[in-house]
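Student: Please find one structure pasted underneath; my questions will follow.
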Amino acid sequence: MKCRLHSAAAAVAAAFVPLLLATPAQATNGYFSHGYGIKSIGMGGAGVALPQDAIAAAINPAGMAMLGNRIDFGLNYFRPIRESQLVGSPLPFNGTVYEGNESSNFFIPEFGYNQMLNSAMSLGVSVYGNGGMNTDYDKPFPLFGSTRPGVDLSQLFIAPTLGYKITPQHAVGISLNLAVQRFKAHGLENFTGDGSSPMAPRFSMYPDKVTDNGNDWSYGVGVRIGYLGQFTPNLAVGLTYQSKTSMSELDEYKGLFAEQGGFDIPANYGIGVAFTPMTGLTLAFDVVRIDYSGIKSINNPLLPNLFQAPLGTDGGAGFGWDDVTAYKLGVQYAINPQWTVRGGYNYGEQPIPQSETFFNFLAPGVVEDHWTLGATWTLANKSELSFAFMYAPTVEVNGVNSIPPAFGGGDINLKMKQYSFGVAYGWRF
């Protein structure tokens, strides 16, 4: 029976790979998702000290040792609304509003499987999408090119996970993060000049590898480690750390990203607590740090890099993103054996400085507040049907000296809001 379950889990994980990579999105804490697993999403993304489903390895692999045997499937509908505006420019299209929502409805699946090998050790796998970036504008932006601009980044993690209970109350875990990402860009013709004339300045080391080269793929391996301790019957504490995932280069876009197409996945780490003050009521709070500054293609500023080092070199211009610290607060209450309800709040300061809004026309990940609701209905056969809703209200970042004088000066203002609704089905075996 166990062998059949292992085989079925492997087959389902493999089937989810094309589904996840077919669903790019603009994520919420920068370009990381605000939460992983529908139950966690309903609690503002909190879960470092509160594993509830077999997606738990995406947050803290130690939690898998505390879960028991279970399988979970989930699907999250995600809708970001993105808008940019050119202001303060002498150009005739000053004041134009550009909507980046030609692609705006995304369905993001997730899958998890966990098997206790004995009373202390678990082996499982979590398959999930790491957010991503997507914009698809409704008309050309003349400062970038003559066709409609946009980017499309999808990231997938397949995380085989080993969990081990040091004692019945304390566990550690490790996940091998097998990462795949897909990227394409279009509408950036103004950065492809070969330097042959003042009208075609050379901005890139590889002008033919900047835009409109279709989908390119890269692959990498990293690790996530974690600890979970139940210090009293009412208090649990968790720690989690994910290494920077070194990805192979995006060769078809090595003239766009620093380090000849480098786009590694940032390290991130966090701490969480879960407190049960009374029967049925649980409060969870996480603090998570995402080190975007460790990735040159994400962190390098636009100026003066754009005019001192060509795109594609180590010092080439990037998106200028700062690190993000996310605070995640969640509450859940078991009304009765059939129904558990959840709510949450997630805050992460958006990563884009006002001086960096020009390039971030392509990646306006500026939302900060996330309000969530969720619930689980336990069926007669003890399987579970869970739901989660997230709303991230509009945030606007107004540029300050963000457009270089060589492009006419002025600023780009960025605006975004988001909605999501997810459903998951899981059971213990």
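The values are calculated or read from the model by the stated rules, or taken from the named source; none is laboratory data. Keep in mind that what you see is a predicted model, and the values were worked out from it rather than measured. Quick reminder, even Gly has a Cβ in these numbers, built from the backbone with ideal geometry, and neighbours come from all protein chains shown.
Student: If L303 passes every condition in (1) closer than 25 Å to V397 by Cα; (2) crowded, with 19+ Cβ neighbours inside 10 Å; (3) aliphatic (A, V, I, L, M) but one, which one does it miss?
Tutor: Tallying (1) closer than 25 Å to V397 by Cα; (2) crowded, with 19+ Cβ neighbours inside 10 Å; (3) aliphatic (A, V, I, L, M), L303 fails exactly one: (2).
Student: Next up: Across segment 109-143, which residue is nearest to G426 (Cα to Cα) among those that are modelled with pLDDT under 90 and either touching a helix residue (DSSP H, G or I) at 6+ places or on another chain (Cβ under 9 Å) or not polar (S, T, N, Q) (or both)?
Tutor: G129
Student: Among the listed residues S84, S40, which satisfies the condition of being over 23 Å from V287 (Cα atoms), of a type in the set (S, T, Y) and at pLDDT 95 or above? Break it down into steps so the answer makes sense when it comes.
Tutor: Details: S40 fails: over 23 Å from V287 (Cα atoms).
Among S84, S40, only S84 is over 23 Å from V287 (Cα atoms), of a type in the set (S, T, Y) and at pLDDT 95 or above.
Student: Quick check: is even one residue across segment 190-203 under 23 Å from the mean Cα position of the chain (by Cα) and not hydrophobic (A, V, I, L, M, F, W, C)?
Tutor: Scanning segment 190-203, I find no residue that is under 23 Å from the mean Cα position of the chain (by Cα) and not hydrophobic (A, V, I, L, M, F, W, C), so the answer is no.
Student: Would a scan of segment 372-395 turn up a residue that is buried (at least 24 other Cβ atoms within 10 Å of the Cβ) and of a type in the set (D, E, K, R)?
Tutor: Among the residues of segment 372-395, not one is buried (at least 24 other Cβ atoms within 10 Å of the Cβ) and of a type in the set (D, E, K, R), which makes the answer no.
Every residue, every condition in (1) outside any strand (DSSP E or B); (2) farther than 26 Å from I298 by Cβ; (3) at pLDDT below 95, yes or no:
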site	(1), (2), (3)
P351	yes, no, no
P364	yes, no, yes
W371	no, yes, no
G374	no, yes, no
W377	no, yes, no
F387	no, yes, no
V395	no, no, no
G422	no, yes, no
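Student: Can you confirm whether V180 is farther than 30 Å from F231 by Cα and assigned to a strand (DSSP E or B)?
Tutor: Criteria met by V180.
Student: Which members of segment 82-108 meet the condition of being farther than 17 Å from N398 by Cα, surrounded by fewer than 19 Cβ atoms within 10 Å (Cβ to Cβ) and either of a type outside the set (G, A, S) or touching a His at 6+ places or on another chain (Cβ under 8 Å) (or both)?
Tutor: Within segment 82-108, P90, L91, P92, F93, N101, E102, N105, F107 meet the criteria.
Student: Let me ask something else. Can Y77 be described as at pLDDT 95 or above and surrounded by fewer than 24 Cβ atoms within 10 Å (Cβ to Cβ)?
Tutor: Considered against the rule, which asks whether it is at pLDDT 95 or above and surrounded by fewer than 24 Cβ atoms within 10 Å (Cβ to Cβ), Y77 comes out as no.
Conditions (1) without any contact (Cβ under 8 Å) to a residue 24 or more places away in the chain; (2) over 23 Å from S248 (Cβ atoms); (3) not in a loop (DSSP other than H, G, I, E, B), marked per residue:
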residue: A284; (1), (2), (3): no, yes, yes
residue: V288; (1), (2), (3): no, yes, yes
residue: L303; (1), (2), (3): no, yes, no
residue: F307; (1), (2), (3): no, yes, yes
residue: F319; (1), (2), (3): no, no, no
residue: N336; (1), (2), (3): yes, yes, no
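Student: Also, I was wondering about something else. Only one residue in L329, L362 is in contact (Cβ under 8 Å) with a residue 60 or more places away in the chain and under 22 Å from H186 (Cα atoms). Which one? Walk me through it before giving the result.
Tutor: On the way: L329 fails: under 22 Å from H186 (Cα atoms).
Selected residue: L362, the only one of L329, L362 that is in contact (Cβ under 8 Å) with a residue 60 or more places away in the chain and under 22 Å from H186 (Cα atoms).
Student: Scanning segment 171-196 for residues that are polar (S, T, N, Q) and out of contact with any strand residue (DSSP E or B) (no Cβ under 8 Å at 6 or more places or on another chain), which turns out surrounded by the most Cβ atoms within 10 Å (Cβ to Cβ)?
Tutor: If we filter segment 171-196 for residues that are polar (S, T, N, Q), which is where we start, we get 175, 177, 181, 190, 192, 196.
From what's left, out of contact with any strand residue (DSSP E or B) (no Cβ under 8 Å at 6 or more places or on another chain): 190, 196.
Values: N190: 19, S196: 9.
The qualifying residue surrounded by the most Cβ atoms within 10 Å (Cβ to Cβ) is N190.
Student: Within segment 202-224, take every residue that is surrounded by 14 or more Cβ atoms within 10 Å (Cβ to Cβ) and aliphatic (A, V, I, L, M) and give me the one that is farthest from K165 (Cα to Cα).
Tutor: Ranking the candidates gives M205 first.
Student: Can you tell me how many residues within segment 130-162 are hydroxyl-bearing (S, T, Y) and either in a strand (DSSP E or B) or within 24 Å of I265 (Cα to Cα) (or both)?
Tutor: Selection size over segment 130-162: 3.
Student: What number of residues within segment 244-282 are small (G, A, S) and either free of Cβ contacts under 8 Å to residues at least 60 places away in the same chain or part of a loop (DSSP other than H, G, I, E, B) (or both)?
Tutor: Of segment 244-282, the ones small (G, A, S) are 246, 248, 255, 258, 261-262, 267, 270, 272, 274, 280.
If we keep only those that are either free of Cβ contacts under 8 Å to residues at least 60 places away in the same chain or part of a loop (DSSP other than H, G, I, E, B) (or both) as well, we get 246, 248, 255, 261-262, 267, 280.
Number satisfying all stated conditions: 7.
Student: Mind checking which residues of segment 70-95 are in a loop (DSSP other than H, G, I, E, B) and either in contact with a Ser or Thr (Cβ under 8 Å, 6 or more places away or on another chain) or touching a residue at least 12 places away in the same chain (Cβ under 8 Å) (or both)?
Tutor: G88, S89, P90, L91, F93, N94
Student: Only one residue in Y227, Y241 is modelled with pLDDT of 95 or more, buried (at least 19 other Cβ atoms within 10 Å of the Cβ) and either charged (D, E, K, R) or not in a loop (DSSP other than H, G, I, E, B) (or both). Which one? Talk me through it step by step, then tell me what you get.
Tutor: Values: Y241 fails: buried (at least 19 other Cβ atoms within 10 Å of the Cβ).
Selected residue: Y227, the only one of Y227, Y241 that is modelled with pLDDT of 95 or more, buried (at least 19 other Cβ atoms within 10 Å of the Cβ) and either charged (D, E, K, R) or not in a loop (DSSP other than H, G, I, E, B) (or both).
Student: Could I ask something else about it? List the pairs whose first member sits in segment 118-143 and is more than 28 Å from M416 (Cα to Cα), whose second member is small (G, A, S) and surrounded by fewer than 24 Cβ atoms within 10 Å (Cβ to Cβ), and whose Cβ atoms are under 8 Å apart, counting only residues at least 6 apart or on separate chains?
Tutor: Sorted first by the residue in segment 118-143, then by its partner, the pairs are V125/A9; V125/A10; V125/A13.
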